[in-house]
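Novice: Pasting a structure below so you can have a look.
The values are calculated or read from the model by the stated rules, or taken from the named source; none is laboratory data. Nothing here was measured: the structure is a model prediction, and the numbers come from that model. All Cβ positions, glycine included, derive from the backbone under ideal geometry; neighbour counts span all protein chains shown. The area values use the complete protein model at the heavy-atom level, side chains included, leaving out ligands, DNA and RNA. Shrake-Rupley method; radii C 1.70, N 1.55, O 1.52, S 1.80 Å.
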Amino acid sequence: MASWQSDNPHLRGAFAPVSEEVEEADLEVIAGQIPPELCGAYMRNGPNPQFAPISYTYPLEGDGMVHAVYFSEGRARYKNRYVRTRAFEIERAAGRAVFGGIMSPVPIDPKLLSPSDDPENLFKEGAFIGLVHHDQRLFALGEVEPAYEMTMELETVGKWTAGTTEPVQVGAHTRLHPGSQELFALAYDLVSPQVSVHCIDANANLKRTFQVTLPAPSMIHDFVLTNQYLVLVIGPAVWDFQAAMQGGEMLQWRPELGTHIGVVPLDGGPETWIEADPFFVFHFANGFERGSKIIVDFVEHERLNVGTALEPHQPPHLQRMMIDPQARTVARERLVDDAVEFPRINDHFVGRENRFIYVPTLTDTLLAETPPSASFNCLIRVDTETGTHLRHDFGNRFAGEAVFIGRESGEDEGYLATFLDDQEAGTTDLALLDAADIEADPVALIRMPQRVPQGLHGIWVPDSK
Ligand SMILES: [Fe+2]
């Protein structure tokens, strides 16, 4: 446990940070067995403030901590490490939190900065949202900030420059192009409506950057990339730096602006923008082309809701959007009635036509009184072809995003990995489910040497990569 406590629901219970950085060589398997062919690492990032924060808005602030489980020859070992961003080191030297967050920036005492730090930069780099592995290199990602390179043993290397002379701003999610295998990343701006789209080659060098102009400076957490298109769904979540400087809200929900769906050809052709009623998207499951149409599967939020002061709203649902760029139309239909978030697919199918989506939901077998947002205890396997949903309810244990670990070439031939946090017992297990038989008992339950808090996004890195 951390040495401090908070009343913030996203810093208590299953979300309470841990401060120990530990290693355990041979983890106990408490049910089933580790498939002997599993060779690689499951890694998961999440916000884990090292000090009681000055402000905390989930899931937009914090220090990154990566928890990793390494598999080899039927055995597993564990390691966790903070992402040692510059802001983390400044706060560690100070012995307390000195930054505000992206939602509530505060001036930093110049005495705490070194000559190479930018005193104008009020925003804390946390690199706490996601991870990406590209060109045999591991990167931790934040909302919009430099990506931090880490070793596979979770030592922080530093800010990633992508072969340039400066750190490159990268958003929370990246997408691999299904054909060229180039990595695409977005960097939006908190002041300007310009979004930079970075294309990163197979050697992790920045190949080109182009600009897309939005109706207003907007929050873009994720996007879709198909063979020919970048697809942006811009909800009216607008950054207002001026308002924040005068005590107002930094990130504002302005439904009168509506949601703008942008289809941006990767060959530089004319963009198509289609307006819709206001809604917000944090995460896309996938997007792909089918003939002249674009199919996008995503979690639709009625509005942007962050932190704990939530406005009344409908729970988020898994939706399918069919975009016809020529006719400039968008049709949306619901895929699952349950409230869900953090959808994932077999990563091999990103940008290509896929059938299965794995997504967590919350059921009443979780006995927590008022679980905060992003609390889950059940995984659903959605078959978009037949419309069937199969589930695995973990009961009174918190679960998270399911990361797909491929075994064979079939889309659902593999395992789903998620941490299970048992608040009653004070233990965390890594669960491996058979993705094709999600209702069956877990393939393995592996006991972690310490509690692993609820986090955000994970990846699987096979040893051969
Ligand atoms: Fe995310």
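Novice: Where in the range 238-276 does the label zone of H313 land, with the point 7 angstrom along Cα→C-beta and an amide N cut-off under 16 Å?
Specialist: The answer is 238-239, 250-260.
Novice: How large is the Rg to Rh ratio of the chain when both quantities use alpha carbon positions and Rh follows Kirkwood?
Specialist: Looking at the chain, the ratio lands at 0.93.
Novice: Here's something else I'd like to know. Using r as the Cβ-Cβ distance of A327 and V191, and R0 as 35 Å, what FRET efficiency do you calculate, to the nearest 0.05?
Specialist: Efficiency, rounded to the nearest 0.05: 0.50.
Novice: Distance in nm between label sites at T161 and E424, each 7 Å beyond Cα in the beta-carbon direction?
Specialist: Simple spin-label model gives 5.5 nm for this pair.
Novice: On to the next question. Between A339 and D26, what is the spin-label point distance in nm, taking each point 7 Å from the Cα along the Cα→C-beta axis?
Specialist: 4.5
Novice: Determine the calculated [θ] at 222 nm for the chain from helices alone, applying -39500 (n - 2.57) to every DSSP H run no shorter than 4 residues and normalising by the residue count; nearest 500 deg cm²/dmol.
Specialist: One gets -1000 deg cm²/dmol as the mean residue ellipticity at 222 nm.
Novice: Let me ask something else. If amide H atoms are built 1.01 Å from N in the plane of the peptide, which residues on other chains or at least 5 residues away come under 5 Å of the amide H of R303?
Specialist: F280
Novice: Now, a different point. Mind listing the long-range amide H neighbours of R391? Cut-off is under 5 Å, sequence gap 5 or more, other chains count too, H placed in the peptide plane at 1.01 Å from N.
Specialist: R381
Novice: 5 Å is the cut-off here: which amide hydrogens, built 1.01 Å from N in the peptide plane, fall below it relative to M448, excluding neighbours closer than 5 in sequence?
Specialist: T428, D429, L430
Novice: Using r as the Cβ-Cβ distance of E120 and E153, and R0 as 51 Å, what FRET efficiency do you calculate, to the nearest 0.05?
Specialist: 0.90
Novice: While we're looking at this one, here's another question. How about the range 236-298: which GluC sites (Glu not before Pro) there are in a DSSP loop, with at most 15 other Cβ atoms within 10 Å of their Cβ?
Specialist: Hits after loop and neighbour filter: E249, E271.
Novice: What FRET efficiency, computed as 1/(1 + (r/R0)^6) with R0 = 51 Å and r the Cβ-Cβ distance, is obtained for D383 and Q5, rounded to the nearest 0.05?
Specialist: 0.75
Novice: Still on this model: If a/c stays under 1.5 just call it rounded; otherwise compare a/b with b/c (prolate if a/b is bigger, oblate if not). Do that for the range 299-455, with a ≥ b ≥ c from the square roots of the Cα gyration tensor eigenvalues.
Specialist: Taking the square roots of the gyration eigenvalues as a ≥ b ≥ c, the range 299-455 is oblate.
Novice: Using a probe of 1.4 angstrom, how much of the accessible area of the chain is carbon and sulfur, in percent?
Specialist: Whole-percent figure for carbon plus sulfur exposure: 46.
Novice: Less than 19 Å from a label point 7 Å out along the Cα-to-Cβ axis of R208: which backbone N atoms in the range 255-284 qualify, by residue?
Specialist: Counting backbone N atoms under 19 Å from the label point, the list is 263-272.
Novice: Oh, and also: Determine the alpha carbon to alpha carbon distance for each of K111/K207; K159/K293; K79/K111; K79/K159 and list only those over 31 Å.
Specialist: K111/K207; K159/K293; K79/K111
Novice: Another question about this same structure. Near H173, within a Cβ-to-Cβ distance under 13 Å, what is the net charge of the other residues, with Lys and Arg +1 and Asp and Glu -1?
Specialist: -2
Novice: Okay, moving on. Which whole-Hz couplings ³J(HN,Hα) result when phi for each residue of the range 38-54 is put into the Karplus expression 6.51 cos²θ - 1.76 cosθ + 1.60, θ = phi - 60°, listed in order with x for Gly and Pro?
Specialist: Each residue's phi maps through the Karplus curve to give 5, 9, x, 10, 9, 10, 9, 9, x, x, 9, x, 7, 10, 3, x, 5 Hz.
Novice: Over the range 250-344, with the other protein chains present, what is the accessible area per residue in square angstrom, probe 1.4 angstrom?
Specialist: 43
Novice: log₁₀ I(q)/I(0) of the range 348-396 at q = 0.18, 0.21, 0.27, 0.28 Å⁻¹, via Debye over equal Cα point scatterers, no solvent, to two decimals?
Specialist: -0.64, -0.76, -0.96, -1.00
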